[in-house]
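We did not get these values from a lab; they are worked out from the coordinates using the rules stated. Since the model is a prediction, treat every value here as computed from it, not as a measurement. Here Cβ is always computed from backbone atoms with ideal geometry, including for glycine, and neighbour counts include all displayed protein chains.
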Amino acid sequence: MSKKETYEQRTTEYILPILEKYGFYLYDVEYVKEAGEYFLRAYIDKPDGITIEDCVTVSREMNDILDREDYIADAYTFEVSSPGVERVLKKDAHFESAIGKDVYAKTYQPIDGKKEFCGELKGFSFDTVTLVIDGADVSLNRKDIANIHLAFIM
């Protein structure tokens, strides 16, 4: 297991009891390096939407655990956030909850001359994601997708 995976897994183990106590759920945890700095991020949610106060509450409790356990060797910033309206789809559970909703996908390389696709998520499998675009099914290989997230369309 990589350092990144280890940090994300341990963070998940520590944060889940906190979230359960408040009726929240964990959308995702990520440990990333951006502009030379490390960030440990927990994305949380609840049925009626997460608030800033919810994030602060979880952050305070989790910071105590991070200080006590001290399992991350690098200097990092810990953040707790909502996954947002245009939440990224990474896990099967994310895709499952997005079926029937509009999504935006960007591929690494052009497919039929396009790198950007916006349509209704029809389904997914281990290998593919199927969108309905202008009434037609369009299947994309998951390995070809650089980013896919819910699309906020007004």
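Miscellaneous remarks
- Taking every C-alpha pair closer than 8 Å and separated by at least 6 residues, the mean separation divided by the residue count of the chain gives a relative contact order of 18 percent.
- Cα-Cα P(r), segment 1-140, percent of pairs per 5 Å interval: 2, 8, 17, 17, 16, 14, 12, 8, 4, 1, 0
- Rounded tilt (10° steps) of 3-22 against the dominant C-alpha axis of the chain: 80
- Relative contact order (%) - criterion: Cα under 8 Å, at least six apart; region: segment 1-70: 27
- Counting DSSP beta bridges with both ends in segment 24-88, the antiparallel % (nearest 5): 60
- Cα centre as origin, Lys/Arg/Asp/Glu Cβ charges: the chain dipole, Debye: 360
- Partners for Lys21 among lysines (Cα-Cα distance below 18 Å; same-chain residues under 8 apart left out): Lys46
- For the chain, the longest principal axis of the Cα atoms and the long axis of helix 52-69 meet at an angle of about 60 degrees.
- Across Lys4/Lys106; Lys4/Lys33; Lys33/Lys106, pairs whose alpha-carbon gap is larger than 18 Å: Lys4/Lys106; Lys33/Lys106
- Our note on the geometry: Cα centres of segment 128-152 and segment 1-68, 28 Å apart.
- When only Cα pairs below 8 angstrom with a gap of at least 6 residues are kept, segment 31-95 shows a relative contact order of 44 percent.
- For segment 1-63, alpha-carbon Rg and Dmax in angstrom: 12.2, 35
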